[in-house]
1. Please tell me the relative contact order of the chain in percent, rounded to the nearest whole number, where contacts are Cα pairs under 8 Å and at least six residues apart.
2. Angle, helix 250-272 long axis vs. longest principal axis of the chain, Cα atoms, 0 to 90°, nearest 10?
3. Treat each spin label as a single point 7 Å out from the Cα along the C-beta direction, and report the residue 504 to residue 294 distance in nm.
4. Residues in the stretch 521-536 near a label at residue 591, defined as backbone nitrogen under 16 Å from the 7 Å Cα→Cβ point?
5. How far is helix 474-483 tilted, in degrees, relative to the longest principal axis of the Cα atoms in the chain, given as a value from 0 to 90 rounded to the nearest 10?
6. At residue 399 and residue 231, where each label point lies 7 Å from the Cα along Cα→Cβ, what is the point-to-point distance in nanometres?
7. How much length, in nm to one decimal, is gained on full extension between residue 197 and residue 173, taken as 0.36 nm per residue of separation minus their Cα-Cα distance?
8. For a footprinting-style exposure proxy, rank 329, 632, 484 by other Cβ within 10 Å, fewest first.
């Protein structure tokens, strides 16, 4: 099959350095730059390597590419050395960029020579490949090198790194604390090794400046190879990192990756019954977040690129969209098995430690979202053997919550609702803490946590019935459902966000109420659902997601950007998040309003090509809707895909 194409980004749009493109290798390594190829973050890198899957280092920031045609030269690269000051001709020679199956094809023209460059990362190879197709009427020379460093991706180098270069024939080795290998293939051409003369190059990262982070880096520049092609041009491949010379056929690897991606789309089409391009693009976008974690020997989910690791809560929320909608049931099963295997005292991991020593468990909702993901998996796959094997583990989780477990998590014997909270520990998805300042304190009984608790109890009952067993928590379910009525704020026509231990309640208007009401077992009348939707549409709804707090609240912060403290203070205090929009769409479909549900997703479908190209951003500013956070976020993509499929099926 033919992979779906993105819109064609012409010269003006492609030169917009705020659009970014991402490639991933399924191990935690990635490649990321602006659409035009210029690095704009400390995280930008042609190849960001990994100690699977999240200890990631930058060694190769960007390639240096120079054309020589009969003594006339032009560079194909570009990067900023100071705000607004560019080095290289790359933006001027850029003609277009288009993504085929979310793999970028960049076309540049200089001195009558057309160069098309494809980039991809073969799955699970720890390798990046650049394929150049050169169309020239006369002999042409392509000089290849790069800007190199040796640092953690979260940092910059105030001084140039110490690296050793070795070039022999078509092979180069760059040695620092890690080793980077490069191989050039040029069938029909001649490859000449150059003697590297490394020089210090200053770099400015505009995205880091906008985030109030260190934005000046220093790297080593070096030219390594000269490739001479005869009149008519030819093909050149640059293979970076990971494999011994000759171990990978770059053009064969390209065909294999195109075939793999085509298979992903076909499987999603068979699963959903949909053949539209939005489903295809979102299916391929979902693939970027699935990685193999060696420490637990299983699939895991990277929460967002470029800086997030893998997280339990994000994995459980994203599972339906990333894995079930796309028909990747084996991986969904593996993900669920991993988290159940590492459950302790009724809690599944919030995150795994990269050294393999264990996991962190500071989350109240990760375990509860797992019940939703588990039942959806069993329903989608029909895997009753899996349900039978793990029902005892699910019951053990529920019992720990009834008895009480870590971080103050436990059922209140007075009403059967679930409370949670411990000093200086945030347990829900609104989890920002700045030193001793808990920005969104939600200790007590949060509304979505109790809807998830009711849902978990109900899932146990349905699975038990499906397997011919007696439910063990029916009384707890009945009591919690009856007590949930305490969350309804009749004056506001909207649920309270938190019921506090002292009998007071937080009436802040937040999207957590919609997360709660969208779950299938939450007790609410049709009138309450309609009222809650009206309030959410007045206070929270935007074309790109839901605000985390009403603009009428005194604590509302509509700007998102600048220094980390400023960003964190706004993170859940008005900033827009796309992923809760999935709950809003679910509620609209439950009320039979397909037209509004389809309209609600229109802005995010357009956004696919506006920031992280082919992805969905983590957040947007509450007032201006400017994109922020990670430009590629797992649960944003997952919930947009899940909701899009649900709407399309109505």
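What follows is calculated from the coordinates using simple rules that are stated; it is not laboratory data. These figures come from a predicted structure and were not determined experimentally. As a convention, Cβ positions derive from the backbone with ideal geometry for all residues, glycine included, and neighbour counts pool all protein chains shown.
1. Averaging sequence separation for qualifying contacts and normalising by length gives 11 percent for the chain.
2. Value to nearest ten degrees: 20.
3. Here the modelled spin labels are 5.2 nm apart.
4. It comes to 524-536, nothing else.
5. The helix 474-483 is inclined about 90 degrees to the chain.
6. Spacing of the two 7 Å Cα→Cβ label points: 8.4 nm.
7. 7.2 nm
8. Least to most surrounded, the residues fall as 329, 484, 632.
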